[in-house]
1. Being within 13 Å of residue 54 (Cβ to Cβ) and modelled with pLDDT of 95 or more is the filter here, so list the residues in segment 1-37 that pass it.
2. Kindly establish whether residue 46 is in a loop (DSSP other than H, G, I, E, B) and surrounded by 14 or more Cβ atoms within 10 Å (Cβ to Cβ).
3. Search segment 22-42 for residues that are at positive phi and pair each with any residue that is outside any strand (DSSP E or B) and modelled with pLDDT of 95 or more when their beta-carbon atoms are under 7 Å apart and the residues are at least 6 apart or on different chains.
4. Test residue 53 against the stated conditions and say whether it is in contact with a helix residue (DSSP H, G or I) (Cβ under 9 Å, 6 or more places away or on another chain) and either in a strand (DSSP E or B) or touching a residue at least 12 places away in the same chain (Cβ under 8 Å) (or both).
5. For segment 1-30, which positions are part of a strand (DSSP E or B) and either touching a helix residue (DSSP H, G or I) at 6+ places or on another chain (Cβ under 8 Å) or loosely packed, with under 11 Cβ neighbours inside 10 Å (or both)?
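The values are calculated or read from the model by the stated rules, or taken from the named source; none is laboratory data. From a predicted model like this one, the values you see are computed outputs, not experimental measurements. Using ideal geometry, Cβ is built from the backbone for each residue, glycine included, and neighbour counts are taken over all protein chains shown.
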C-alpha cells in the first residue's frame with residue numbers, strides 16, 4: 001500500500017482511524033517519513049505506519 005492521502009497530512013490536522021472508530025477524533029502531532037503520530041481522544045498518542053493504515057482526514061469536527 002502506498003502512502004496516498006497520508007502524504008498530505010500535516011501536524012494539527014484532524015483524522016480518524018478507519019478500523020478503530022472507538023478511538024475517536026485524532027490530531028496529527030508529527031509526521032516523519034511514513035510514521036505518523038496521532039493523539040486520539042479515547043486512545044491517546046499512537047504512532048501509525050502510513051504504509052499500512054490510510055487515515056481519514058476530518059473537516060467537520
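1. Once the filter is applied, which keeps residues that are within 13 Å of residue 54 (Cβ to Cβ) and modelled with pLDDT of 95 or more, segment 1-37 yields 9, 15, 16, 17, 18, 19, 20, 36.
2. no
3. Every condition considered, the pairs that remain are 24/41; 24/42.
4. yes
5. 16
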